[in-house]
1. Considering only the stretch 148-175, state which residues are under 19 Å from the mean Cα position of the chain (by Cα), outside any strand (DSSP E or B) and under 30 Å from Pro124 (Cβ atoms).
2. What do you reckon, is Tyr81 in contact with a Ser or Thr (Cβ under 6 Å, 6 or more places away or on another chain), away from ligand 1 (no atom under 16 Å from the Cβ) and among the hydroxyl-bearing types (Ser, Thr, Tyr)?
3. Looking at Ser302, Ser269, can you tell me which residue is crowded, with 19+ Cβ neighbours inside 10 Å and at pLDDT below 95?
4. Taking the stretch 157-206 as the search range and keeping residues that are open to solvent by 20 Å² or more (accessible area, probe 1.4 Å) and in contact with an Asp or Glu (Cβ under 8 Å, 6 or more places away or on another chain), which one is nearest to Asn440 (Cα to Cα)?
5. Would the stretch 50-63 turn up any residue that is hydrophobic (A, V, I, L, M, F, W, C) and within 16 Å of ligand 2 (Cβ to nearest atom)?
6. Is it the case that Tyr133 is of a type in the set (Ser, Thr, Tyr), within 16 Å of ligand 1 (Cβ to nearest atom) and within 25 Å of the chain's Cα centre (by Cα)?
7. Please go through the stretch 126-147 and pick out each residue that is open to solvent by less than 10 Å² (accessible area, probe 1.4 Å), closer than 18 Å to Leu11 by Cβ and either in a helix (DSSP H, G or I) or away from ligand 2 (no atom under 15 Å from the Cβ) (or both).
8. Of everything in the stretch 190-234 that's away from ligand 2 (no atom under 16 Å from the Cβ) and touching a Pro at 6+ places or on another chain (Cβ under 7 Å), which residue is nearest to Phe159 (Cα to Cα)?
Amino acid sequence: MARLVIVSNRLVLPGEKLARAGGLAVGLRDALARRGGLWFGWSGETTEGTAGEPKLSSVGKIAYATLDINAADYRDFYVGYANGALWPLFHHRPGLSLYRRSAFEGYLRVNTWFAQNLKPLLQPDDLIWVHDYHFIPLATELRRQGVANRIGFFLHIPFPAPELFVTLPEHKRLASDLLAYDLTGLQTAADVRRLQRYFLEEVGGRTLEGDRIEALGQKGRIAAFPIGIDTERFARTADKAMRRPETARLSDSLSSRSLVIGVDRLDYSKGLANRLEAFQELLARWPEHKSRVTLLQIAPVSRGEVAQYRALRREIEGLAGRVNGKFAEADWTPVRYLNRSFPRNVLAGYLRLARVGFVTPIRDGMNLVAKEYVAAQDPADPGVLVLSRFAGAAGELTDALIVNPYDIDELAAALHRALAMPLDQRIARWRSLMDVVSRNTIKTWRESFLQALESSPPLALEGAMVEAGNGRRKLASADASAK
Ligand code: ADP
Ligand code: F6P
């Protein structure tokens, strides 16, 4: 079996307990745990001056190679372009997207830097799997440096409507970068349709047989691979968590009140303001819930260097305070708002205790929390998932209460319905959801992507003799590596 080399900006280092929450890190850690391989990414450190060589370490089946990033490059790459321009646009918030050409240049510099440092670590038959919007140009850079291995890419966030994608001055460059991969994976069929539509309508491309596409003088493959979780393990963890002191403390503190839970990075894509407004509306419209229900919103601070995230933090703090100021009693705080991370075995217990999982992003690639909520439930007394139609997970979890996160009244009504739902209906809905998350797991995601990547015809067979400027490998080197 070929060695797997995973590249991602964020990784979980040995001994680090997923302190920085995020679906990509959770998913990749679970994906690598069984198959093993090399995980190459950012160390989490920035340096003044030139950053040094990759630091190498290994634990069990996973070897790690991490790179520091020069502080100025980091500002342009991570704060400026990846999270200042791409993230808002890909989440359909063009008004929040702050575009600067210098940031794009920094983005390319860091991609080149990563490619230069990855190349010496590669073996000829390694299978390279690059992750997320930070590294769209990485295959182009690797090809330029003569790397001829198969390279796949997976985008964890949604792909935007083509009408928004073209607002990026360098949309053609990024689209061409996607075609430099042997396979591009997206979360859902809807994401695939949006990217195909871009190629067909904006740059005169055409679809070929299967999942193949030709555009911008290149050929590539685009397909959907919805990410999952390690369902069995998370369910076991949640079951065990019922005997943990943290779970008992939360349960005791509720004094038999129903718990509604939200767990998200503090990000404007997660719809936190509408969620709090909806909870307030629930209490106002159905006063029987007063003193009977508590919202626990866990939201660790994320990307605090980015201005839009600092503004969001102030807004959500203000809103949580307002709801509590309006409705709290001496012995009841309606909203418990926590800006911190929890170990997974504690989080799993909290999710299991909750009568309602309130997962209402404005837009989300997949949303693993929705799947974790389902996996964590007690089969004999499960809670109800209220899920935004704009989360990738809504395409699979159709027996959740599916809501429009922009409609506060609808959100409040769904909460009311979930809190009142009889046991037999809760069980029937949960069984159907659990069936889905048990079939589409992190293992099936990893295996289906890697099988598809391994079965990609080597570029040599495509006659993909492309000039060096484009960054694609030449016939001869592709032949040599594609055994
Ligand atoms: P995103 O990738 O946008 O952050 P996801 O819902 O796909 O969203 O993934 C978030 C992951 O981070 C989940 O696995 C979730 O359990 C984890 N997570 C989120 N908040 C916390 C927290 N406060 N403590 C621990 N883990 C968290
Ligand atoms: O899954 C989406 C994602 O953006 C990942 O790419 C990222 O690692 C995670 O959320 C957390 O964000 P950050 O790495 O910026 O802290």
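1. Passing the criteria: Leu155, His156.
2. Details: in contact with a Ser or Thr (Cβ under 6 Å, 6 or more places away or on another chain): no; away from ligand 1 (no atom under 16 Å from the Cβ): yes; among the hydroxyl-bearing types (Ser, Thr, Tyr): yes.
No.
3. Values: Ser269 fails: at pLDDT below 95.
Residue meeting the stated conditions: Ser302.
4. Filtering the stretch 157-206 for residues that are open to solvent by 20 Å² or more (accessible area, probe 1.4 Å) and in contact with an Asp or Glu (Cβ under 8 Å, 6 or more places away or on another chain), the one nearest to Asn440 (Cα to Cα) comes out as Arg206.
5. First, pick out the residues of the stretch 50-63 that are hydrophobic (A, V, I, L, M, F, W, C): 51, 56, 59, 62-63.
From what is left, the residues that are within 16 Å of ligand 2 (Cβ to nearest atom) are none.
No: the stretch 50-63 contains no residue that is hydrophobic (A, V, I, L, M, F, W, C) and within 16 Å of ligand 2 (Cβ to nearest atom).
6. On the way: of a type in the set (Ser, Thr, Tyr): yes; within 16 Å of ligand 1 (Cβ to nearest atom): yes; within 25 Å of the chain's Cα centre (by Cα): yes.
Criteria met by Tyr133.
7. Asp126, Leu127, Ile128, Tyr133, Phe135, Leu138, listed by residue number.
8. Ranking the candidates gives Arg194 first.
The values are calculated or read from the model by the stated rules, or taken from the named source; none is laboratory data. Computed from a prediction, not measured in an experiment: that's the story for all the values here. With ideal geometry, Cβ positions are generated from the backbone for all residues, glycine too; neighbour counts draw on all protein chains shown. What goes into the accessible areas is simple: the full protein's heavy atoms, side chains included, and nothing from ligands, DNA or RNA. Shrake-Rupley method; radii C 1.70, N 1.55, O 1.52, S 1.80 Å.
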